[in-house]
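Colleague: Questions regarding the structure given below will be posed in turn.
The values are calculated or read from the model by the stated rules, or taken from the named source; none is laboratory data. Because the structure is a prediction, the values reported are computed rather than measured. Cβ placement follows ideal geometry from the backbone for every residue including glycine, while neighbour counts extend to all protein chains displayed. These accessible areas exclude ligands, DNA and RNA; they are computed on the full protein's heavy atoms, side chains included. Shrake-Rupley method; radii C 1.70, N 1.55, O 1.52, S 1.80 Å.
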Amino acid sequence: MFDQQLIMDTGSSILGARNASKYNTTDLENDPTYQTVLHLQTWTLPVVFSIGLIGNILAARTFLSPNLRNTSCCLYLATKSINDLLFLMSLFVVWLYRLDVRVFKTVGVCQATVFITYITGFLSVWCVVLITWENFIRVSLPSHVTNLCSVKRAKYTIILLITIAVGLYSFSLWTTGLISSHNNSSCLVFEKYERLLVAMTLVDSILTLVIPLVVMVFLNVAISVSAVHAHERRKRLFERVPRTSTSRRKETLALEVKVSKLLFAVSLIFIVLHTPTHVIRIKMMFLQSLYGAASPSLNDGVMHRIFELVYYMNFSVHCAVYLIFGDNFRLVFKRIYFSGCYETEAVQNNTFDPYAERGSEGEAIFR
């Protein structure tokens, strides 16, 4: 929870807008270690932005292609790709501010940038939760797949999430503005709304960290248990039909490995890239409430910047995850962008359901 001026001057978009406080940051500004990390972050952000910009555009087009867009999961993934692209664009605006391109200090741009970082952070997390929820339905409750995992339901859910995000974070449009100080203006939270900002920081941490983390852990455990039970049932079935068991068993085990890899990748990205910045944010807010206008420690300042960069990577790397763990996504991706090299490579069944049902077990497979 750094001083507002320091946050905005260093371009910490989402954390800056949310965590404005009255910390004295003179020590950090003069510390060579902190400044080194800050400069490293500044020159790494264009790489994160460029990779995310290209990856999210390619992924969104792939998921919205005729082969993929008729499944609910692909709609969630396409929404996440577009959402992450918007976040990176707002991050780019604030990064320009570090380079003395003052577009961020424009009325309207200031409020819109803060607002977009809020809603995109919220939507990105809950898209991952919804994807995990679909996995749970298809693995543990296959009889409910038709009703709960339809394209129509997915569209309504996405609209509902966007509506909630806009309504919940609209406060940033009127609590943030340009404030003049020492012949300079900065995009800051108005002093009279600082208490509201602290309250919303807690609410935001609950909605984008605590609840999603608990839900995803529970669902992944349930999915794992269901997968183990399904494997045991198939194993008993194969033992009764020994002549056909070898090839089918290999195929089944391969599919189960793919499920495990995808779930592990999604959970790991969420926990590793998303959680640390919230933890340090809560810690600093707690220390401020105890000690008032105290200066954050050097370690907190350095970790704050490092975790910010890690958080930003959460919006850039998912296209690579889809390519690594999604075989059919890879096929469609190649067909769209490398059609000249893969003209003879057909997409399975001419459709794509990353969570396709497998017989009566209803296994969730990201092929």
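Colleague: Give me the one-decimal Kirkwood hydrodynamic radius in Å for region 171-227, with the sum taken over alpha-carbon pairs.
Modeller: Value: 14.3 Å, from the Cα pair sum.
Colleague: Continuing with this model, one more query. How far, in nm, would the chain grow between Val272 and Met89 when pulled straight, counting 0.36 nm per residue and subtracting the alpha carbon separation?
Modeller: Using 0.36 nm per residue and subtracting the Cα-Cα distance, I get 63.6 nm.
Colleague: Any idea how far apart Arg102 and Val166 come out in nm if each label point goes 7 Å out from Cα toward Cβ?
Modeller: In this crude label model, Arg102 to Val166 measures out at 3.3 nm.
Colleague: Classify region 135-201: rounded, prolate or oblate, from the alpha-carbon gyration tensor (a ≥ b ≥ c, eigenvalue square roots; a/c under 1.5 rounded; otherwise prolate if a/b is larger than b/c)?
Modeller: Note, shape of region 135-201 comes out prolate.
Colleague: Something else about it: Between Ile159 and Val47, what is 0.36 nm times their sequence separation minus the Cα-Cα distance? Round to one decimal in nm.
Modeller: 37.2 nm
Colleague: If you don't mind, another one. Per the Kirkwood formula on distinct C-alpha pairs, the Rh of region 36-138 is how many angstrom?
Modeller: So the Kirkwood estimate lands at 15.1 Å.
Colleague: Sticking with this one: Using packing as a proxy for protection, rank 74-81, 316-323 so that the peptide with the highest average count of other Cβ atoms within 10 Å comes first.
Modeller: Packing proxy ranking, top to bottom: 74-81, 316-323.
Colleague: Another question, if that's okay. Would you tell me the accessible area of Phe49, worked out with a 1.4 angstrom probe on the heavy atoms of the protein chains, in Å² to the nearest 10?
Modeller: Approximately 30 Å² of Phe49 is accessible to the 1.4 Å probe.
Colleague: Here's something else I'd like to know. Under 15 Å from the 7 Å Cα→Cβ point of Val217, by amide nitrogen: which residues of region 308-322?
Modeller: none
Colleague: Taking 0.36 nm per residue of sequence separation and subtracting the Cα-Cα distance, how much length would be gained by fully extending the chain between Thr146 and Lys192, in nm to one decimal?
Modeller: 11.5 nm is the gain from fully extending Thr146 to Lys192.
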